[in-house]
Structures are given as structure tokens and as C-alpha cells.
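Novice: Before anything else, here's the structure in question.
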Amino acid sequence: MQTGVAAHHSSLGEKDNRALASIFAAYTVSATLWLLFATAVGLLLAYKFGAPDFGAGAWLTFGRLRPIHTNATFYGWASVALVGLAYYVAARSSRIALYSVKLAWIGLVLFNVAAVAGTVALDLGYNDGNLEYREWPWPIRLVFLAALVVTAWNLIATVARRSTDDIYLSNWYTIGGVLWTCIVALVAILPWYQYGLGQVSVSGYYMHNAVGMWFTPLALGIFYYALPRLLSRPIYSYALGVFAFWTNLVFYPIIGAHHFLFSPLPWWLQTTAIVFSVAMLVPVWGGSANFLLTMRGRVRDLTHSYPLMFILVGVIGYLVGSTQGTVEAFRSLQEVWHLTNFTVGHSHLTMYGFVTFAIWGGVYALLPLATGKEPGRLGLMLHFWMAVVGSFIYVISLSIGGTIQGLDWKNGLPFIQSVVDMQEYYVWRGVGGALMFLSHIVFAWNVWRMTYGRAARVAPIAALPAGEAAA
Ligand code: HEM
Ligand code: HEM
């Protein structure tokens, strides 16, 4: 167990604290606006399954709105929120000021320029084709890459100047995630991989590494900082955390081909992807056990703290969603589930149930410490329960519906039969989605209270020794 980080006193002055708080707040506010926009579009998409003629103009077609929803949730919401959290965690756990406040602002501007330009381009019909999660025209993706490089530089320089002996585990995950994603984003742009089977292979590589080497390590890094902080106890096993980090790195990058089973990609490549999808159980179960064991015996704290409840749901989302992914990668089950709504359920179980809940847990745990302002209990309660119940309805309805859809296809029924069979599940998805969206409005209200609201009872930042969480 590392204790070095706790052995030093904070070297953050009042000015540094304020600058860090304003960066963290600005990233969170910006991300929240993207969450509202992206999920309003998601709700419209869900509505269109029942009313396909609604909004028939070119700008509102499903084909344009769908990538707007996915890219805005990925790069406007989750990426920006996670980077804001990563900055806060890097500075506090290293007990040092952020290397460059200016670079952090530049990064935020670049992230937003890319997301706005990408959204406008997609709605005007400029789309880089069938390359999922990288539909933005490539020059716009270069702006996103520039934002990543700026972020990597700033995080590394901050941690390199730490006043602690060790690099706290969270920073391994967040810095690893940003560096890997620079490579992934670069590979996705290289022109010689953009056609034929090379394109298929790189598409799988990009798609899965966007979720596995970007959102996953950043969200896990937040768990490793916020959990000990909320529980005032060290993480169960630092060594297990390091082990999960390295096994994640060894197994994840090779599993992209599981998106293209039964395709013309070499059979051995598909089989390798399946084998490594099974191997992913090692970091997933190792990491999840570490978080759950850190929470052991603290049921009372859990039921009294909404930040902890958000994190608990996030950990369960990570465990269940990723294990589901392993099962989904087997050929026998891909035969049923591939291209069905079951996969959309998996996407939301992971990107929502894991990543988005992790962000919320992190924001509620840490933003009040930074700004000295906190949300009300009613707001926390409404947000938590509407998001949990809504996403539960969303995921369960699509998992059942998607299975029926796949079996219809496998049994050779007319395609229209599978559409008819899905009808009621689409309606339930809409009900779940509406609850989720309402919860985002409450979240925005809570963010407002944590940033612009009146100062509350939270202990001021200077009084909280940085890096305490790591002890
Ligand atoms: C670590 C274990 C995981 C495995 C083995 C796994 C496996 C899979 C498989 C096999 C598919 C393809 C389904 C199909 O096309 O039929 C898939 C899709 C997907 N997974 Fe996972 N998954 C894992 C974890 C995650 C996590 C942690 C996330 C999010 C953070 C995630 C996000 C997604 C998304 C967004 C898709 C949809 C991709 C698309 O649009 O086609 N997965 N996963
Ligand atoms: C109110 C909340 C939300 C609603 C109503 C919603 C709705 C939708 C709809 C209708 C689709 C299209 C599915 C299809 O093509 O059949 C979709 C796709 C997707 N959404 Fe959402 N969404 C919401 C929140 C989110 C969030 C917060 C994230 C990520 C952080 C997200 C990530 C995705 C992904 C990755 C896909 C592609 C799924 C796939 O191809 O497997 N969504 N969403």
C-alpha cells in the first residue's frame, strides 16, 4: 500500500486552489451542456422509432442525428467531464498546482471547437462515412487530437512536478488513457488504413479502444481517487490496481475485431479477439473486486451518501457491462445478437451505467470540495433515482427486445416481423430515455448549485490535505 502521497503537506496556495476550482468547474459546466444537448437528440431519435415521419427534413433525419448523438455524448460530454476530473485529481493527489492553467483553458476551447464543428458538419451532411464514433470529417478530428495532446502534456507535467514520492494510481490510469488515445486517434486518421479490409480492422480497433483505452481508464482513475476520499479509508489493494492496469493494457487493444465476427477479416484475427475478450475478465473482475472490497462493511455510508451510490452503480455497470461484453463476443451468441438492439443496450449499460455514473459520482464527490458549494439532497435524490430507474428500463427493454429480434432473423422470419416484435420495446426505451433526460436537467441544476450557487457547509479546499485520498 502506498502511503507516500499522504506524507507531505499541500503546496497549493489560495490562488492555485481557485484556479484549479475554476478549471474543474468550467469543464464540468461545458460537459453538462453537451449532455443536455446530446441526450435531447437521443430522445428525439428514440421517438423516431415510433414516429419515423416526425421531423422529416434533411437536418432531422435519423442518419444525421444518430452520429450527432454518439459523438456529442463521447466527445462533448464524457471526454470533457473526465478531463476536468483528471486535472483535479492530478493536482490534488500530487499536491501541486496545475502545471498550466492556460493550457487547460486552451484544451477546453479546442474540445468545444471540435464538438461544435463536428455537430454542425454532421447536420449539414458532411460525414466521414461508415466509421463509427469517428464520423466527424478528419480535419475536425485533428482539432480533437490537438486537445488530447494539450491535455496529455499538462497532466504529465503536473504529475512530474509532484511534491509526493509516488505517482498515485489514479494518475497512471488517467495519463495512460490520454496517451493511448493520442495513438488511437492518430491511427484512425492515417490515410493508408481507410479502405478495404484495413479499414474494417482499424474501425474495430478505433471503436473498441475509444471505449476501452479512453473512457474506461479515465473513469477507473476517478474511482481510485474518489472512493478512498469518500470513505476515508485506503483502496483495498494498490497492487491489484496496478495489476488491473497492466492487464487492461495487454488485453484490450487486441479485441476490436470482435465487432466484425463472421466478416472477411482473417478467421485467426477474429478468434484472437474472442480469446482476449475472455481474458478481459481478469482486469475487469480484479478492478471491480478492488472497488467493492474497498466498500466492504460500509453499507451505512453507502445508503447515506449519494456520491457513493453513484459510484457503486458505476462499479456495477463496469462489472456487469464488461462481463456481458465477454459473453457477447462468443460466436454462438454473436449469431443471435450482432446488429440487433441488444448491442445498443450494451452500449448504454457501459457508457451510461458505468462511465456516466462514474463521472457523476466523481463530480458530486469532488466539485463541492473544489468550490465550497454543494447541491441539495432533493436534487441528488431526484437525479440518482430517475437516472437509475430510467437506464434500467432502457437496458432491460433493449436486451429482451434485441434477443427476440435476433432470434426472428435467425429463424428466417420476414424482416418486418422483427420490426413488429420490437415495437413495445422501443416504447419502453423511450420511457426510460425520458426519465434519463429529466435526470440530466436535475443534474444541470445541481451543477449550477455547485458552481454559481451560494457557498454551503462544505469544508473549504485549503483545509483538506491534498492526496489524503491516496493514503
Ligand atoms: C471489457 C470487456 C468488454 C467486452 C469483451 C466487450 C464486447 C463487446 C462486443 C462483442 C461488442 C460488439 C457487439 C456487436 O457488434 O454485436 C461490443 C460493443 C460495444 N461495446 Fe463493449 N465490451 C466490453 C466492455 C465495454 C465497455 C467498458 C464499454 C464502454 C466504456 C463498451 C462499449 C461498447 C460500445 C459503445 C459498443 C457498440 C459498438 C458499436 O456501435 O458497434 N464495452 N462490446
Ligand atoms: C436520455 C438518454 C439517452 C437516450 C434517450 C439515448 C438514445 C439513443 C438512441 C435512440 C440511439 C440509437 C440506437 C440505434 O441506432 O438503434 C443511441 C445510440 C447510442 N447512444 Fe444513446 N441515448 C442516451 C444517452 C446516452 C449517453 C449518455 C451515452 C454515452 C455517454 C450514449 C451513447 C450511445 C451510443 C454509444 C450509441 C450507439 C449504440 C450502438 O450502436 O450500439 N447515449 N442512443
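The values are calculated or read from the model by the stated rules, or taken from the named source; none is laboratory data. All values reported here derive from a predicted model rather than from experimental measurement. Heads up, the Cβs are rebuilt from the backbone with ideal geometry, glycines too, and the neighbour counts pull from every protein chain shown. Calculation scope for accessible area: heavy atoms of the full protein, side chains included, ligands and nucleic acids excluded. Shrake-Rupley method; radii C 1.70, N 1.55, O 1.52, S 1.80 Å.
Novice: Would you mind counting up the charge near residue 422? Only other residues with Cβ under 11 Å from its Cβ, with Lys and Arg at +1 and Asp and Glu at -1.
Specialist: On the way: positive: 429; negative: 408, 421, 424.
Result for the neighbourhood of residue 422: -2.
Novice: Here is a follow-up. Roughly how big is the chain's charge dipole about its Cα centre, with Cβ charges of +1 (Lys, Arg) and -1 (Asp, Glu), in debye to the nearest 20?
Specialist: Values: 25 positive and 17 negative charges, 246 e Å.
Computed about the Cα centre, the dipole is about 1180 debye.
Novice: Next question. Quote the relative contact order of the range 47-144 in percent (integer), defining contacts as alpha-carbon pairs under 8 Å separated by 6+ residues.
Specialist: Values: 71 pairs, mean separation 31.5, N = 98.
The normalised contact order for the range 47-144 reaches 32 percent.
Novice: Which value in Å does the Kirkwood hydrodynamic radius of the range 1-150 take, with 1/r averaged over all unlike C-alpha pairs and then inverted?
Specialist: Details: mean 1/r = 0.0588 Å⁻¹.
It works out to 17.0 Å.
Novice: Still on this model: Sequence gap at least 6, Cα distance under 8 Å: using those rules, report the relative contact order of the range 206-310 to the nearest whole percent. Spell out each step's value before the answer.
Specialist: Values: 83 pairs, mean separation 36.6, N = 105.
RCO, the range 206-310: 35 percent.
Novice: For the chain, just the Cα atoms, rotate onto the principal axes and tell me the three extents in Å, largest first.
Specialist: 68, 47, 46
Novice: Let me ask you something else. Using a cut-off of 12 Å between beta-carbons, work out the net charge of the residues near residue 25 (Lys and Arg +1, Asp and Glu -1, residue 25 not included). Could the numbers behind the result be given before it?
Specialist: Numbers: positive: 18, 373, 449; negative: none.
So the surrounding residues net to +3.
Novice: Which semi-axes, in whole Å and largest first, does the equivalent ellipsoid of the range 227-362 have when worked out from the alpha carbon gyration tensor as the square roots of 5 times its eigenvalues? Don't jump to the answer; show the numbers that get you there.
Specialist: Details: eigenvalues 199, 59, 19 Å².
They are 32, 17, 10 Å, listed from largest to smallest.
Novice: With a 1.4 Å probe and all protein chains left in place, how much of the accessible area of the chain comes from carbon and sulfur atoms, in whole percent?
Specialist: Details: 13250 of 18690 Å².
Result for the chain: 71 percent of the exposed heavy-atom area is carbon or sulfur.
Novice: In addition: Hey, how many Å between the Cα centroid of the range 178-203 and the Cα centroid of the range 287-301?
Specialist: 38 Å
Novice: Residue 410: which lysines have alpha carbons under 27 Å from its alpha carbon, excluding same-chain residues fewer than 8 sequence positions away?
Specialist: Here the lysines satisfying the reach criterion relative to residue 410 are 48.
Novice: To continue, here is another question. Less than 12 Å Cβ to Cβ from residue 453, Lys/Arg counted +1 and Asp/Glu -1: what total charge do the surrounding residues give? Could you put the intermediate results ahead of the total?
Specialist: Details: positive: 373, 449, 454; negative: 374.
Every neighbour counted, the sum reads +2.
Novice: A further question on this structure: From Cα pairs below 8 angstrom and at least 6 apart in sequence, can you work out the relative contact order of the chain, rounded to a whole percent?
Specialist: Numbers: 761 pairs, mean separation 95.1, N = 471.
For the chain, the relative contact order is 20 percent.
Novice: Find how much the distance from residue 250 to residue 54 grows on full extension, using 0.36 nm per residue of separation minus their present alpha carbon separation; answer in nm with one decimal. Intermediate values should be presented prior to the final figure.
Specialist: Numbers: separation 196, 0.36 × 196 = 70.56 nm, distance 4.64 nm.
So the extension gain works out to 65.9 nm.
Novice: Can I ask one more? For the range 144-272, just run the numbers: alpha carbon Rg, then divide by 2.2 N^0.38 Å, N being how many residues it has.
Specialist: Values: Rg = 17.1 Å, N = 129, 2.2 N^0.38 = 13.9 Å.
Dividing the Cα radius of gyration by 2.2 N^0.38 Å gives 1.23.
Novice: Continuing with this model, one more query. So with the 1.4 Å probe, I'd like the accessible area per residue for the chain, rounded to whole Å². Mind showing how you got there, number by number?
Specialist: Numbers: 18690 Å² over 471 residues.
Each residue of the chain exposes 40 Å² on average to a 1.4 Å probe.
Novice: How much accessible area does residue 408 have with a 1.4 Å probe, in Å² rounded to the nearest 10?
Specialist: Probe radius 1.4 Å; accessible area of residue 408 about 10 Å².
Novice: If r is the Cβ-Cβ distance from residue 302 to residue 262 and R0 is 45 Å, what FRET efficiency results, to the nearest 0.05?
Specialist: Working: r = 43 Å, r/R0 = 0.96.
The computed FRET efficiency comes out at 0.55.
Novice: Taking the alpha-carbon centroid of each part, what is the distance from the range 73-97 to the range 36-54 in angstrom?
Specialist: 30 Å
Novice: Express in whole angstrom the spacing between the alpha-carbon centres of the range 108-133 and the range 306-323.
Specialist: 30 Å
Novice: In whole Hz and in residue order, list the ³J(HN,Hα) couplings for the range 259-275 that follow from phi through the Karplus curve 6.51 cos²θ - 1.76 cosθ + 1.60, θ = phi - 60°; x for Gly and Pro.
Specialist: 7, 10, 5, 6, 8, x, 4, x, 4, 5, 5, 5, 5, 4, 4, 5, 4
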